[in-house]
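Working notes, beginning with the structure itself.
The values are calculated or read from the model by the stated rules, or taken from the named source; none is laboratory data. All values derive from a computational prediction rather than experimental measurement. Virtual Cβ from ideal backbone geometry, glycine too; neighbours counted across all protein chains shown. Ligands, DNA and RNA are excluded from the accessible area calculation, which covers all protein heavy atoms including side chains. Shrake-Rupley method; radii C 1.70, N 1.55, O 1.52, S 1.80 Å.
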Amino acid sequence: MDAGSPEETTRAHAGSRSPHPPRFGLSARLLWLTIGFVMLAEVLIYVPSVAQFQRNWLNDRLTAAQIAALVLDAAPADGLSRDLEDDLLRGVGAMTVAVRGGGTRRLLAVADMPREVGRVIDLREQGLISGISAAFTTLMRPNAQPMRVLGAGMDAPEGMRAVAPVDFVEIVIDEAPLRAALVSFSRNILILSLIISVITAGLVYLALQWVIVRPVRRLTDNLTRFASDPEDRARIIAPSSRADEIGVAERALEQMERALERALARKRRLAELGLGVSRINHELRNMLTAAQLLSDRMASASDPLVQKFAPRLVDTLQRAIDFSEATMAFGKAEEPEPRPVRFALAPVVSELGDLPGLVAEDDPDQAVAGNAQGGAEAQGPVRLAVDIPADLVLVADREQTARIFVNLARNAVEAMRKTPPPARRLTVSARRVMQAGAPAVEIRFADTGPGLPPRARQNLFRPFEGSARSGGTGLGLAICAEIMRLHGGIIRLEEPEQGTGEAAEGEADDAGTRGTCFVLVFRQPV
């Protein structure tokens, strides 16, 4: 048997190298991802915040300007001194202050009247998007010229109700202080965002490290360790008591590793057993061949007793030789890949009539020869009925397909040894079918034997376990299943009901045989 020896398995494991640890592990990736997402959230918060900061800053200047305007309106008739007006404007941070109220617009104070302004911001009509745009314009495209700012007026404070109400306030200010304030605000937001990101990322990192990363790393370490020597039970993971997905993964990994360890142990034992069986079969086949030669000589003796038992002895020796050859064939390498060709199916099936114990139903001369060939035990051959259209073509490996047919035919002959001779019939039929939406050819081998026992049905297509007769090996069906698998087809058992076998009318039904039917499905190219 061509299974790897224990020494070869050990060398294969020793030659495998453990994978290199990743440059950036899961923990580092989670850390950087957390920092990135927190920074992204801070950016989304910063954009409207900077616009609101600029609006508040300008509103503060407008409020101070209106208070200054109220002071100027409440001044004596001869007005305030020029120095006092300049002090008021410097406190506001404005070059000019103008108000509109009572239907008139009044310029209350002027420091250095600018010739022109760089841009105008009207807080009365400013929305979220325009506010964001104005704030980033201040940051990204500073203007050396002053800016004009307009805002709604406020009610006069208590004690100054005599002053006319103000509809709006207008100031002209230098843009540099506003930009400096925005830069300072942005820097503070950046520093705060970095601190929040590091703290949040650290907390998330520690939580994920404890809850996810460490258990996952334990799983990966165990996989690497187990892969280096899967036959060592000490390397099987011991699952934790966790009830989450990681706990499920640990328990599933344990079951998989235990199943793999048992499978490798069985493979190792089979490899050792196969080597011994191959040697035994080789010697046994030589001894059986020598015994068969002696039996052939005994068959030519004139002693009636020898002539009576010699055929049985030859038949027994032939079955022993077939058993040894089948065991050797199964223990060799796997089946080769099929080499599909197109061939007519009916002639290949008809060749089964040349097998011992089988005769073509429509050939009387062969039936007479088959009766003589059947021997005293057989009491007559099995009739082979072929129901296949002459134009039916199969695309498959012709040699491997013929081996399947021969194995199934031999099994049918063996199954019908105790069937009454008139009811012994093997029917091989074929037809074109559709399998999962694709064209296929279905071939049926139906006999009129007693059917398969429950144990054989449970272990069908398993070597050494699926035999239906005493002394059988089950290798024939195992080989058939392997060949069908390589062809991408299927083989299944389909047993007819009691008394409804494939035998001719009045034969199998009268005998009460169940019969056995194997169905082969070969998928065909479109």
Looking at region 410-431 only, could you name the residues that are part of a loop (DSSP other than H, G, I, E, B) and open to solvent by 40 Å² or more (accessible area, probe 1.4 Å)?
ARG417, LYS418, PRO420
Hey, among GLN379, GLN373, GLN366, which residue is over 19 Å from ALA415 (Cβ atoms), polar (S, T, N, Q) and at pLDDT below 55?
GLN366
Among the listed residues LEU270, LEU284, identify the single one that is modelled with pLDDT under 80, over 30 Å from ALA28 (Cβ atoms) and touching a Ser or Thr at 6+ places or on another chain (Cβ under 6 Å).
LEU284
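Conditions (1) within 23 Å of LEU260 (Cβ to Cβ); (2) touching a Lys or Arg at 6+ places or on another chain (Cβ under 7 Å); (3) assigned to a helix (DSSP H, G or I), marked per residue:
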| site | (1), (2), (3) |
| --- | --- |
| VAL172 | no, yes, no |
| LEU190 | no, no, yes |
| SER193 | no, no, yes |
| GLY202 | no, no, yes |
| TYR205 | no, no, yes |
| THR220 | yes, no, yes |
| ARG225 | yes, yes, yes |
| PRO230 | yes, no, no |
Among helices (runs of 4 or more DSSP H) lying entirely in region 1-119, which contain 2 or more residues that are modelled with pLDDT of 60 or more?
26-73, 82-92
Within the bounds of region 233-241, is there any residue that is over 16 Å from VAL216 (Cβ atoms), outside any helix (DSSP H, G or I), of a type outside the set (Ser, Thr, Tyr) and in contact with an Asp or Glu (Cβ under 6 Å, 6 or more places away or on another chain)?
yes
Tally time: how many residues in region 352-361 are in contact (Cβ under 8 Å) with a residue 24 or more places away in the chain and either small (Gly, Ala, Ser) or exposed (fewer than 14 other Cβ atoms within 10 Å of the Cβ) (or both)?
3
